[in-house]
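Bear in mind these aren't lab numbers, they're just calculated from the coordinates by the rules spelled out. Keep in mind that what you see is a predicted model, and the values were worked out from it rather than measured. Neighbour counts are summed over all protein chains in view; Cβ atoms, including those assigned to glycine, are modelled from backbone coordinates with ideal geometry.
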Amino acid sequence: MSDKPEGLPPDAMTVEAKLGFLEYKKSPETHISLRKTGADSPCVTECKSKPCTTVCPAKVYEWEEHEKKVLVAYENCIECGACRMLCPFDNISCDWPKGGFGVKYKFG
Ligand code: SF4
Ligand code: SF4
């Protein structure tokens with residue numbers, strides 16, 4: 001059985017496959033942080049749907065139910081900018097990686 005989402009033509013590439021073609025230079029410092037963390041953060045107290053974990057195409061955000069916190073795998077970020085807008089509680093601070101670090105795109 002195929003693991004492609006329903007409705008895609010047979011020769012279409014999944015987002016995961018496309019991400020596999022990207023090159024990254026991992027920055028030693030994160031460019032993404034949560035403004036509030038801990039038991040009183042909106043991630044724990046208010047945000048039921050946790051859109052960061054579903055909207056980010058690179059799956060940077062993951063809800064850790066056991067520890068009740070959002071894990072942030074900043075090194076996978078493809079710098080699309082979506083998370084800057086999607087958090088309903090404005091709890092994500094996402095800048096761009098320092099020059100020379102992060103994802104590398106080729107144009108042309
Ligand atoms: S969308 Fe914002 S408030 Fe909700 S879990 Fe993600 S970072 Fe936390
Ligand atoms: S900028 Fe895009 S890829 Fe990077 S963490 Fe935000 S939503 Fe994910």
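From most to least packed by mean Cβ count within 10 Å, the peptides 30-40, 8-18 give 30-40, 8-18.
Taken about its Cα centre, the chain carries a charge dipole of about 320 debye when Lys and Arg each add +1 at the Cβ and Asp and Glu each add -1 at the Cβ. Loop-located chymotrypsin sites (Phe, Trp or Tyr not before Pro) in segment 11-65 (DSSP state not H, G, I, E or B) with no more than 10 neighbouring Cβ atoms inside 10 Å: PHE21. With the convex hull drawn around the C-alpha atoms of the chain, the volume per residue stands at 149 Å³.
The residue among PRO9, VAL72, SER93 whose Cα reaches farthest toward the positive pole of the charge dipole of the chain, with charges on the beta-carbon of Lys, Arg, Asp and Glu, is SER93.
Within the same chain, aspartates and glutamates fewer than 8 places from LYS50 are excluded, and of the rest, those with a Cα less than 16 Å from its Cα are ASP40, GLU62, GLU64, GLU65, GLU67, ASP90.
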